[in-house]
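Written below as structure tokens is the structure these notes are about.
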Amino acid sequence: MSDISAEETSKIQAYLQDKFGNQGFALKRRAQTNDSVEVLLNNEFIGVIYKDDEDKETSYDFNMAILAMDLPA
């Protein structure tokens with residue numbers, strides 16, 4: 001894992017906002033580590049994005065846990 005720069009954070013945030021047509025997406029740097037950022041939707045934490053620099057290619061992994069208790073009945 002590699003550090004996610006402020007420039008990358010800004011680009012990923014813009015990508016999410018454009019891809020989902022929702023300006024409510026915001027990325028927040030994490031205090032405890034630089035290899036990932038928190039993903040917020042309308043100020044609610046929904047997941048984490050990790051940077052992967054493997055095989056000379058950079059990718060970003062969006063990890064979102066969905067609790068069974070949060071699903072509709």
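All of the numbers you see were taken from the coordinates with simple rules; none came from a lab. Here the structure is a predicted model, which means the values were calculated and not measured. Every residue, glycine among them, receives a Cβ derived from its backbone with ideal geometry; neighbour counts consider all protein chains shown.
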Reach of LYS28 by Cα under 17 Å, taken over aspartates and glutamates that are not fewer than 8 positions away in the same chain: ASP3, GLU7, GLU8, GLU38, GLU44, ASP61
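For the residues THR9, THR58, what sequence is obtained by ranking on other C-beta atoms within 10 Å, fewest first? Display every interim value, and only then the final one.
Details: THR9 17, THR58 12.
So the ranking, lowest neighbour count to highest, is THR58, THR9.
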Relative to the longest principal Cα axis of the chain, at what angle does helix 6-20 sit, 0 to 90 degrees, rounded to 10? 40
